[in-house]
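Right, one structure below, let's go through it.
Read-outs: derived from the displayed coordinates by stated rules, not from any lab. As the structure is a computational prediction, the values presented were derived from the model and not from experiment. Note that each Cβ is placed from the backbone with ideal geometry, even for glycine, and that neighbours are counted across all protein chains shown.
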Amino acid sequence: MPKQKLNPLPSAAFQILLALAGEDLHGYGIMRQVAEQTGGRMRLGPGTLYSSIQTLFEAKLIEETDAREDANLGTERRRYYRLTASGRKLARTEAERLADLLRVARSKKILRGEYV
Amino acid sequence: MSEKIYAWLLRLYPSRFREAYGEEALQLFRDRSRDEAGFLLRLRLWADLLSDLALSVPREYFHVQPGLASFSAHLRPEGVPSFFVFADEPLGSGALLFGGVLSIAALVTFSVLLNHGVRHVPLSALLRPTQSLPHARSSPFDSSAPKTANNTGEMASASKESQPPGLAATPSQPAKGAAGRIRGSVKLNAVERRRIVEAAAAILEKHYVDRDNGPKMAAALRAHEKKGDDDKSTDGFRFAALLTRQMREVSPDRHLTLDYFDSPLPPHPPAPTAEDFAHYREVMTRENCTFEKIEILPHNIGYLKLNSFPDVSVCQATAEAAMASLNHADAIVFDLRDNRGGEPAMVSFMAAYLFDHPEYLYNPRETTTEESWTHSPVPGNRLADKPVYVLTSVRTFSGAEQFCYDLKMLKRATLVGETTGGGAHSGAFHRIDDHFGMGIPETKAINPYSKTDWAEIGVEPDVKVNTADALDTAVKLAQARLQKK
């Protein structure tokens with residue numbers, strides 16, 4: 001089922017993969033990163049965030065690391081998430097698919113742009 | 001405080017999700033509430049949380065057992081409903097208790113409502129709408145039977161045979177019968193009442209037999225309506241009964257009724273179709289035209305048990321054969337104890353054998369025509385001067401009563417048994433709309449014998465005995481009479 005749930009890849013799941021592409025993050029970190037990379041348009045609520053994490057985890061696209069403290073956020077121990085190789089590959093495939101889409105959009109004069 | 005609320009809201013998620021991520025979700029909530037202080041940010045936080053909850057809770061449940069869901073989807077054939085199991089945890093004792101209490105409450109509520117809360121409507125009325133029209137069907141204003149579209153006075157035997165016993169007894173008091181059945185559920189307003197009153201008045205003016213009283217009744221109905229006497233009647237049955245009373249106040253005519261029918265009346269009186277005739281013919285053939293028994297009893301007494309007076313065009317040959325086989329009898333017994341009536345033409349046809357000259361047969365339902373005289377003498381017939389006995393019961397009805405009444409009045413027969421049913425209404429049924437109709441006498445023959453006919457009161461027998469003993473009694477009377485000769 002996870003495969004079906006991720007095909008097509010929901011935008012929340014893709015954003016999480018992208019957020020984790022740079023560094024390992026805990027849940028709140030992912031949420032803030034996603035908000036930042038979407039210009040504040042996407043604020044993942046806990047339900048959406050963790051159900052996406054659960055799905056990605058079950059599909060082995062991300063993995064958990066040992067819980068540790070976040071120095072900026074007090075002494076609470078937090079679980080961190082890391083992109084797996086297949087997760088990275090899926091993120092790249094999705095990005096390429098979107099790039100193809102963009103190219104088509106540009107060729108149809110729907111979108112103007114210099115690159116990609 | 002707000003964290004507690006959110007912790008409580010988290011319980012909406014399936015336990016599997018809560019166990020894996022509940023603590024982290026709470027942590028995230030704490031992080032956000034710490035970082036997003038200030039009224040507007042808090043508001044945004046809660047808006048986020050609630051919309052998130054609304055979106056992700058159902059999704060979590062739907063995907064909680066993906067394996068199971070896909071398995072059942074795989075098993076499910078097209079178009080067959082199936083159930084999904086969402087929860088993966090055993091039911092808690094609290095849930096069981098709550099479910100039990102809820103079930104008992106529902107059960108109690110349901111039974112209380114059944115007994116007290118709702119107005120009782122018989123199931124049969126819901127299942128078979130036509131059944132709430134027995135009055136219309138068995139009414140003498142019957143227009144649904146074959147051949148009676150215009151000739152409304154006739155009691156069509158075709159409808160009788162398909163009619164459950166007992167229903168036919170209702171026409172003696174049509175208005176009461178209808179009102180006693182189901183209370184009208186239609187709520188009438190002033191406009192509708194005025195429309196009904198106007199329609200009824202128009203019918204009275206145009207069709208009522210008494211040219212003086214018709215317009216008077218119409219005026220009375222209109223006056224009552226104008227004065228507001230009808231304003232309280234919002235119930236169809238009551239309104240119909242009220243109008244009937246108002247009409248009868250002007251002239252007490254028991255055959256004049258305005259009736260309400262709970263289920264819609266057919267748009268026009270359905271004309272009998274070829275199919276109806278075929279069916280009628282088939283039934284008559286199967287039942288030997290309701291000539292149930294024809295035999296010669298000891299002492300050469302002819303016995304004929306006839307259960308209706310069927311259509312002459314269908315049953316003439318059968319009737320002739322029956323009478324021919326009794327032609328040499330010295331006395332004749334007509335057993336009409338189970339005869340529910342039928343066609344006046346057949347009444348006349350049968351009676352013709354009992355006279356050696358044309359005899360006038362009075363029928364309150366029809367104006368006098370050529371058909372009112374019997375076609376006597378019947379060639380080859382030897383029964384014209386033989387003693388005649390007619391067996392009667394309370395079931396003897398309508399056309400059969402005409403046979404009894406006229407033979408009694410003409411002193412041509414001795415009636416043995418019980419007083420007959422008393423069905424002699426005459427008139428036509430006028431449809432006003434889907435629910436209202438009016439039965440009014442349109443024709444009136446002059447009774448040559450007395451002021452009253454057998455309507456409502458029946459025909460009194462000459463020899464009153466129990467129905468069961470009627471045949472023995474009649475046979476003994478016949479024997480005694482034959483021996484005297």
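The table for this structure:
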item: Inter-label distance for B:SER15 and A:ALA85, nm, one decimal - labels placed 7 Å from Cα along Cα-to-Cβ; result: 3.9
item: Relative contact order computed over segment B:292-406 (Cα-Cα under 8 Å; 6+ residues apart), in percent; result: 30
item: Loop-located trypsin sites (Lys or Arg not before Pro) in segment B:310-390, at most 14 other Cβ atoms within 10 Å (DSSP); result: B:ARG382
item: Full-stretch length increase - B:HIS207, B:GLU23 - with 0.36 nm per residue and alpha-carbon distance subtracted; result: 57.4 nm
item: Dimensions in Å of segment B:270-326 - Rg and Dmax from alpha carbons; result: 13.6, 50
item: Surrounding net charge for B:VAL465, when Lys and Arg each add one and Asp and Glu each subtract one, Cβ distance under 9 Å; result: -2
item: Cβ-defined net charge surrounding B:GLY380, 15 Å radius [Lys, Arg +1; Asp, Glu -1]; result: -1
item: Per-residue Cβ neighbour rank within 10 angstrom, fewest leading, B:SER313, B:SER372, B:SER450; result: B:SER450, B:SER313, B:SER372
item: Coarse-grained scattering of segment A:2-107 at q = 0.21 Å⁻¹, given as base-10 log I(q)/I(0) from a Debye sum over alpha-carbon atoms; result: -1.14
item: Under DSSP loop assignment and at most 10 Cβ neighbours within 10 Å, longest trypsin sites (Lys or Arg not before Pro)-free interval of chain A; result: A:42-107
item: Loop-located chymotrypsin sites (Phe, Trp or Tyr not before Pro) in segment B:352-433, at most 13 other Cβ atoms within 10 Å (DSSP); result: none
item: Prolate/oblate/rounded call for segment B:325-417, Cα gyration tensor, a/c under 1.5 rounded; result: oblate
item: Three-way shape label, segment A:40-82, alpha-carbon gyration tensor, a/c 1.5; result: oblate
